[in-house]
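Just below is one structure, and these are the notes that go with it.
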Amino acid sequence: MKISVCNELFEGWEIEKTFDYAAQLGYDGVELAPFTLGETALDISAAARKRIRIAAKKAGIEIVGLHWLLVKPEGLYINHPDAAVRKKTQDYLKTLIDLCGDLGGKVLVHGSPQQRNIKEGWDPHEAWKHARETFQICAEASQSRDVFYCLEALTTADTNFINTIDQALRMVTEIDHPNFQTMLDCRSIHASTGSELPAVLRRTLATGKLRHVHVNDPSGRGPGFGDLQFAPLLNILHETDYQGYISVEVFDFAPDPRTIAARSLGYLHGILETLGAKANPARILVSD
(Lines give C-alpha, C1' and ligand atoms only; values in the text may rest on other atoms or scores of the structure.)
Protein backbone atom coordinates (compact mmCIF):
# COMPACT_ATOMS: atom_id res chain seq x y z
CA MET A 1 0.00 0.00 0.00
CA LYS A 2 1.34 3.42 -1.00
CA ILE A 3 0.26 6.91 0.03
CA SER A 4 -0.16 9.92 -2.26
CA VAL A 5 -1.54 13.43 -2.00
CA CYS A 6 -3.68 15.36 -4.50
CA ASN A 7 -1.90 18.43 -5.82
CA GLU A 8 -4.77 20.94 -6.01
CA LEU A 9 -4.28 21.35 -2.26
CA PHE A 10 -1.05 23.22 -3.03
CA GLU A 11 -2.71 26.21 -4.67
CA GLY A 12 -0.29 28.42 -6.56
CA TRP A 13 2.71 26.13 -6.06
CA GLU A 14 4.95 25.21 -8.97
CA ILE A 15 4.62 21.49 -9.62
CA GLU A 16 8.33 20.97 -8.91
CA LYS A 17 7.87 22.46 -5.43
CA THR A 18 4.87 20.21 -4.80
CA PHE A 19 6.82 17.10 -5.78
CA ASP A 20 9.78 18.09 -3.63
CA TYR A 21 7.67 18.84 -0.57
CA ALA A 22 5.63 15.66 -0.89
CA ALA A 23 8.85 13.66 -1.14
CA GLN A 24 10.35 15.41 1.90
CA LEU A 25 7.31 14.48 3.95
CA GLY A 26 7.52 10.84 2.86
CA TYR A 27 4.67 10.54 0.35
CA ASP A 28 5.14 7.90 -2.34
CA GLY A 29 3.20 9.75 -5.01
CA VAL A 30 1.24 12.80 -6.11
CA GLU A 31 -2.15 12.65 -7.83
CA LEU A 32 -2.65 15.47 -10.33
CA ALA A 33 -5.66 17.61 -11.24
CA PRO A 34 -5.19 18.54 -14.93
CA PHE A 35 -6.61 22.06 -14.46
CA THR A 36 -3.61 22.87 -12.23
CA LEU A 37 -1.22 22.11 -15.09
CA GLY A 38 -2.91 23.99 -17.93
CA GLU A 39 -6.20 25.52 -19.00
CA THR A 40 -6.99 22.17 -20.63
CA ALA A 41 -5.05 18.99 -21.31
CA LEU A 42 -4.61 20.20 -24.88
CA ASP A 43 -2.58 23.15 -23.56
CA ILE A 44 -0.02 20.91 -21.83
CA SER A 45 2.66 20.49 -24.48
CA ALA A 46 4.86 17.47 -25.04
CA ALA A 47 7.76 19.48 -23.59
CA ALA A 48 5.74 20.38 -20.48
CA ARG A 49 4.71 16.76 -20.00
CA LYS A 50 8.34 15.69 -20.20
CA ARG A 51 9.35 18.40 -17.73
CA ILE A 52 6.69 17.32 -15.22
CA ARG A 53 7.67 13.68 -15.52
CA ILE A 54 11.38 14.48 -15.07
CA ALA A 55 10.61 16.69 -12.04
CA ALA A 56 8.70 13.86 -10.36
CA LYS A 57 11.50 11.39 -11.03
CA LYS A 58 14.10 13.82 -9.70
CA ALA A 59 12.09 14.24 -6.49
CA GLY A 60 11.62 10.49 -6.12
CA ILE A 61 7.86 10.84 -6.45
CA GLU A 62 5.53 8.68 -8.52
CA ILE A 63 2.83 10.41 -10.56
CA VAL A 64 -0.16 8.33 -9.56
CA GLY A 65 -2.55 9.62 -12.19
CA LEU A 66 -5.30 12.20 -12.73
CA HIS A 67 -8.57 13.26 -11.09
CA TRP A 68 -11.02 16.19 -11.46
CA LEU A 69 -11.03 15.32 -15.14
CA LEU A 70 -13.77 17.52 -16.61
CA VAL A 71 -13.49 20.78 -14.68
CA LYS A 72 -12.35 22.38 -17.96
CA PRO A 73 -13.12 23.02 -20.77
CA GLU A 74 -16.79 23.98 -20.57
CA GLY A 75 -19.54 22.17 -22.43
CA LEU A 76 -18.52 18.56 -21.69
CA TYR A 77 -21.01 15.95 -20.54
CA ILE A 78 -20.65 12.17 -20.35
CA ASN A 79 -24.37 11.31 -20.65
CA HIS A 80 -25.84 14.19 -22.62
CA PRO A 81 -28.66 13.24 -25.02
CA ASP A 82 -26.91 15.16 -27.81
CA ALA A 83 -24.48 12.75 -29.51
CA ALA A 84 -22.26 15.66 -30.61
CA VAL A 85 -21.76 16.73 -26.98
CA ARG A 86 -20.93 13.18 -25.98
CA LYS A 87 -18.48 12.83 -28.89
CA LYS A 88 -16.70 16.03 -27.85
CA THR A 89 -16.52 14.74 -24.28
CA GLN A 90 -15.28 11.31 -25.32
CA ASP A 91 -12.56 12.84 -27.48
CA TYR A 92 -11.41 15.02 -24.59
CA LEU A 93 -11.37 12.08 -22.19
CA LYS A 94 -9.13 10.23 -24.63
CA THR A 95 -6.85 13.27 -24.55
CA LEU A 96 -6.75 13.02 -20.75
CA ILE A 97 -5.95 9.32 -20.97
CA ASP A 98 -3.02 10.18 -23.24
CA LEU A 99 -1.91 12.85 -20.77
CA CYS A 100 -1.96 10.32 -17.94
CA GLY A 101 0.09 7.88 -19.99
CA ASP A 102 2.55 10.55 -21.06
CA LEU A 103 3.11 11.57 -17.43
CA GLY A 104 3.67 7.98 -16.35
CA GLY A 105 0.45 7.80 -14.33
CA LYS A 106 -1.64 4.67 -13.99
CA VAL A 107 -5.04 5.81 -12.71
CA LEU A 108 -7.70 8.25 -13.86
CA VAL A 109 -10.45 8.97 -11.33
CA HIS A 110 -13.75 10.04 -12.89
CA GLY A 111 -15.72 12.22 -10.50
CA SER A 112 -16.70 15.50 -12.20
CA PRO A 113 -20.23 15.85 -10.76
CA GLN A 114 -21.38 18.80 -12.83
CA GLN A 115 -20.65 16.98 -16.08
CA ARG A 116 -22.83 13.97 -15.30
CA ASN A 117 -26.01 15.24 -13.60
CA ILE A 118 -29.26 14.01 -15.11
CA LYS A 119 -31.11 17.20 -15.95
CA GLU A 120 -34.83 17.72 -15.61
CA GLY A 121 -36.68 16.04 -18.46
CA TRP A 122 -33.91 13.56 -19.28
CA ASP A 123 -34.68 9.87 -19.28
CA PRO A 124 -32.50 8.23 -16.56
CA HIS A 125 -32.38 4.96 -18.50
CA GLU A 126 -31.11 6.73 -21.59
CA ALA A 127 -28.62 8.75 -19.52
CA TRP A 128 -27.22 5.48 -18.19
CA LYS A 129 -26.84 4.12 -21.71
CA HIS A 130 -25.12 7.31 -22.85
CA ALA A 131 -22.67 7.17 -19.93
CA ARG A 132 -21.97 3.52 -20.66
CA GLU A 133 -21.15 4.44 -24.26
CA THR A 134 -18.69 7.06 -23.01
CA PHE A 135 -17.06 4.77 -20.47
CA GLN A 136 -16.73 1.94 -22.98
CA ILE A 137 -14.66 4.26 -25.16
CA CYS A 138 -12.60 5.30 -22.13
CA ALA A 139 -11.95 1.68 -21.20
CA GLU A 140 -10.63 0.83 -24.65
CA ALA A 141 -8.50 3.98 -24.81
CA SER A 142 -7.11 3.23 -21.34
CA GLN A 143 -6.04 -0.22 -22.40
CA SER A 144 -4.05 1.26 -25.27
CA ARG A 145 -2.10 3.41 -22.77
CA ASP A 146 -1.86 0.78 -20.03
CA VAL A 147 -3.79 2.88 -17.50
CA PHE A 148 -6.92 2.26 -15.44
CA TYR A 149 -10.06 4.37 -15.69
CA CYS A 150 -11.88 4.41 -12.33
CA LEU A 151 -15.49 5.48 -11.85
CA GLU A 152 -16.14 7.35 -8.59
CA ALA A 153 -19.47 7.24 -6.76
CA LEU A 154 -20.30 10.73 -5.44
CA THR A 155 -22.68 12.10 -2.81
CA THR A 156 -26.23 13.11 -3.64
CA ALA A 157 -25.21 16.64 -2.64
CA ASP A 158 -22.73 16.60 -5.53
CA THR A 159 -24.68 14.85 -8.28
CA ASN A 160 -27.78 12.76 -8.96
CA PHE A 161 -25.98 10.16 -11.08
CA ILE A 162 -24.09 7.18 -9.60
CA ASN A 163 -24.12 7.85 -5.87
CA THR A 164 -23.29 4.42 -4.44
CA ILE A 165 -20.56 1.85 -4.89
CA ASP A 166 -23.21 -0.63 -6.02
CA GLN A 167 -24.21 1.70 -8.86
CA ALA A 168 -20.58 2.23 -9.82
CA LEU A 169 -19.98 -1.53 -9.77
CA ARG A 170 -23.04 -2.06 -11.95
CA MET A 171 -21.49 0.21 -14.59
CA VAL A 172 -18.11 -1.50 -14.23
CA THR A 173 -19.79 -4.90 -14.65
CA GLU A 174 -21.69 -3.78 -17.75
CA ILE A 175 -18.54 -2.35 -19.34
CA ASP A 176 -16.71 -5.58 -18.44
CA HIS A 177 -13.23 -4.37 -19.31
CA PRO A 178 -10.08 -4.92 -17.20
CA ASN A 179 -9.02 -1.28 -17.59
CA PHE A 180 -12.34 0.10 -16.33
CA GLN A 181 -12.74 -0.24 -12.57
CA THR A 182 -14.03 1.68 -9.58
CA MET A 183 -12.53 3.53 -6.65
CA LEU A 184 -13.70 4.43 -3.16
CA ASP A 185 -13.78 7.96 -1.81
CA CYS A 186 -14.22 7.81 1.96
CA ARG A 187 -16.07 11.13 2.22
CA SER A 188 -18.54 10.29 -0.54
CA ILE A 189 -19.26 6.72 0.53
CA HIS A 190 -19.58 7.65 4.20
CA ALA A 191 -22.33 10.09 3.19
CA SER A 192 -24.50 7.21 1.99
CA THR A 193 -23.37 4.40 4.31
CA GLY A 194 -22.23 6.01 7.57
CA SER A 195 -20.88 3.40 9.97
CA GLU A 196 -21.16 0.74 7.24
CA LEU A 197 -18.17 2.23 5.38
CA PRO A 198 -15.71 -0.51 6.50
CA ALA A 199 -18.13 -3.23 5.39
CA VAL A 200 -18.63 -1.49 2.04
CA LEU A 201 -14.87 -1.29 1.56
CA ARG A 202 -14.42 -4.98 2.35
CA ARG A 203 -17.25 -5.98 0.01
CA THR A 204 -15.90 -3.83 -2.81
CA LEU A 205 -12.40 -5.24 -2.44
CA ALA A 206 -13.88 -8.73 -2.69
CA THR A 207 -15.17 -7.95 -6.20
CA GLY A 208 -11.61 -7.46 -7.44
CA LYS A 209 -12.72 -4.24 -9.16
CA LEU A 210 -11.37 -1.64 -6.71
CA ARG A 211 -8.26 0.10 -8.02
CA HIS A 212 -7.87 3.29 -5.97
CA VAL A 213 -8.90 4.88 -2.64
CA HIS A 214 -9.28 8.52 -1.61
CA VAL A 215 -8.83 9.06 2.12
CA ASN A 216 -10.64 12.11 3.45
CA ASP A 217 -12.94 13.01 6.33
CA PRO A 218 -16.68 13.56 5.77
CA SER A 219 -16.03 17.18 6.75
CA GLY A 220 -13.92 17.59 3.62
CA ARG A 221 -10.71 17.78 5.64
CA GLY A 222 -7.78 15.40 5.69
CA PRO A 223 -7.67 12.03 7.46
CA GLY A 224 -7.24 12.57 11.19
CA PHE A 225 -8.70 16.09 11.07
CA GLY A 226 -12.27 14.97 11.79
CA ASP A 227 -14.29 12.24 13.46
CA LEU A 228 -13.97 9.42 10.92
CA GLN A 229 -11.78 6.60 12.24
CA PHE A 230 -9.46 5.36 9.50
CA ALA A 231 -7.85 2.51 11.47
CA PRO A 232 -10.61 -0.01 10.55
CA LEU A 233 -10.31 0.96 6.88
CA LEU A 234 -6.54 0.69 6.74
CA ASN A 235 -6.73 -2.60 8.62
CA ILE A 236 -9.02 -4.02 5.93
CA LEU A 237 -6.68 -2.81 3.18
CA HIS A 238 -3.73 -4.33 5.02
CA GLU A 239 -5.50 -7.65 5.65
CA THR A 240 -6.48 -7.97 2.00
CA ASP A 241 -2.99 -7.06 0.77
CA TYR A 242 -4.26 -4.04 -1.16
CA GLN A 243 -1.49 -3.01 -3.55
CA GLY A 244 -2.88 0.29 -4.81
CA TYR A 245 -2.62 3.85 -3.57
CA ILE A 246 -4.50 5.59 -0.79
CA SER A 247 -4.57 9.23 -1.79
CA VAL A 248 -5.19 12.22 0.48
CA GLU A 249 -7.83 14.42 -1.17
CA VAL A 250 -9.27 17.37 0.73
CA PHE A 251 -11.85 20.02 -0.06
CA ASP A 252 -11.16 22.30 2.91
CA PHE A 253 -7.70 23.82 2.44
CA ALA A 254 -7.47 25.33 5.94
CA PRO A 255 -5.20 25.92 7.75
CA ASP A 256 -2.58 25.55 4.99
CA PRO A 257 -1.25 22.90 2.59
CA ARG A 258 1.90 22.12 4.57
CA THR A 259 0.00 21.36 7.76
CA ILE A 260 -2.70 19.35 5.99
CA ALA A 261 -0.24 17.23 4.02
CA ALA A 262 2.09 16.60 6.96
CA ARG A 263 -0.54 15.80 9.57
CA SER A 264 -2.56 13.60 7.21
CA LEU A 265 0.51 11.56 6.36
CA GLY A 266 1.63 11.35 9.98
CA TYR A 267 -1.82 10.12 11.01
CA LEU A 268 -1.89 7.45 8.29
CA HIS A 269 1.66 6.30 8.98
CA GLY A 270 0.84 6.01 12.67
CA ILE A 271 -2.01 3.64 11.93
CA LEU A 272 0.01 1.58 9.46
CA GLU A 273 2.89 1.22 11.91
CA THR A 274 0.45 -0.04 14.56
CA LEU A 275 -0.84 -2.59 12.07
CA GLY A 276 2.68 -3.64 11.16
CA ALA A 277 2.04 -2.58 7.59
CA LYS A 278 4.87 -1.46 5.35
CA ALA A 279 4.99 2.29 4.99
CA ASN A 280 7.75 4.74 4.22
CA PRO A 281 8.74 6.69 7.35
CA ALA A 282 7.70 10.33 7.35
CA ARG A 283 10.80 12.42 6.80
CA ILE A 284 9.56 15.65 8.34
CA LEU A 285 6.54 16.80 10.30
CA VAL A 286 5.27 20.34 10.15
CA SER A 287 3.20 21.97 12.87
CA ASP A 288 0.89 24.91 12.48
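The rows are residues; the columns are (1) more than 19 Å from Tyr77 (Cα to Cα); (2) of a type outside the set (Asp, Glu).
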residue: Arg145; (1), (2): yes, yes
residue: Ala168; (1), (2): no, yes
residue: Asp176; (1), (2): yes, no
residue: Asp185; (1), (2): yes, no
residue: Ser195; (1), (2): yes, yes
residue: Thr204; (1), (2): yes, yes
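Table: residues versus (1) of a type outside the set (S, T, N, Q); (2) under 27 Å from Gly244 (Cβ atoms); (3) touching a residue at least 24 places away in the same chain (Cβ under 8 Å); (4) assigned to a helix (DSSP H, G or I).
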residue	(1), (2), (3), (4)
Val109	yes, yes, yes, no
Asn117	no, no, yes, no
Gly121	yes, no, no, no
Ala127	yes, no, yes, yes
Arg132	yes, yes, yes, yes
Cys138	yes, yes, yes, yes
Ala157	yes, yes, yes, no
Asn160	no, no, yes, no
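Please list, ordered by first then second residue, the pairs with beta carbon atoms under 6 Å, 6 or more apart or interchain, first in the range 63-90 and in contact (Cβ under 8 Å) with a residue 40 or more places away in the chain, second among the hydroxyl-bearing types (Ser, Thr, Tyr) and not in a helix (DSSP H, G or I). Once the first residue is in contact (Cβ under 8 Å) with a residue 40 or more places away in the chain and sits in the range 63-90, its partners that are among the hydroxyl-bearing types (Ser, Thr, Tyr) and not in a helix (DSSP H, G or I) give Val64/Ser4; Val64/Tyr245; Leu69/Ser112; Leu70/Ser112; Thr89/Tyr77. The set of residues in the range 171-181 being assigned to a helix (DSSP H, G or I), surrounded by fewer than 16 Cβ atoms within 10 Å (Cβ to Cβ) and not acidic (Asp, Glu) consists of Thr173 alone. Against the numbered list (1) buried (at least 16 other Cβ atoms within 10 Å of the Cβ); (2) at pLDDT 95 or above, Ala282 comes up short only at (2). Among helices (runs of 4 or more DSSP H) entirely within the range 183-266, having at least 1 residues that are surrounded by fewer than 24 Cβ atoms within 10 Å (Cβ to Cβ) and within 15 Å of the chain's Cα centre (by Cα) singles out 186-193. Of all the residues that make up the range 24-53, how many are of a type in the set (A, V, I, L, M), surrounded by fewer than 19 Cβ atoms within 10 Å (Cβ to Cβ), touching a residue at least 40 places away in the same chain (Cβ under 8 Å) and farther than 17 Å from Lys72 by Cα? Here the count works out to 1. Among the conditions (1) surrounded by fewer than 20 Cβ atoms within 10 Å (Cβ to Cβ); (2) out of contact with any Gly (no Cβ under 7 Å at 6 or more places or on another chain); (3) under 22 Å from Ala23 (Cα atoms); (4) in contact (Cβ under 8 Å) with a residue 40 or more places away in the chain, Thr274 misses just one, which is (3). Residues that are out of contact with any strand residue (DSSP E or B) (no Cβ under 9 Å at 6 or more places or on another chain), at pLDDT 95 or above and exposed (fewer than 15 other Cβ atoms within 10 Å of the Cβ) do occur in the range 99-115, at least one of them. Just one residue in the set Val64, Val85 is closer than 30 Å to Trp128 by Cβ and part of a helix (DSSP H, G or I); that residue is Val85. Within the range 67-77, identify whether any single residue is part of a helix (DSSP H, G or I) and farther than 24 Å from His212 by Cα, and answer yes or no. Looking through the range 67-77, none of the residues is part of a helix (DSSP H, G or I) and farther than 24 Å from His212 by Cα.
The values are calculated or read from the model by the stated rules, or taken from the named source; none is laboratory data. This one's a predicted model, so the numbers in the text were calculated from it and none came from an experiment. Cβ atoms come from the backbone with ideal geometry, glycine included; neighbour counts cover every protein chain shown.
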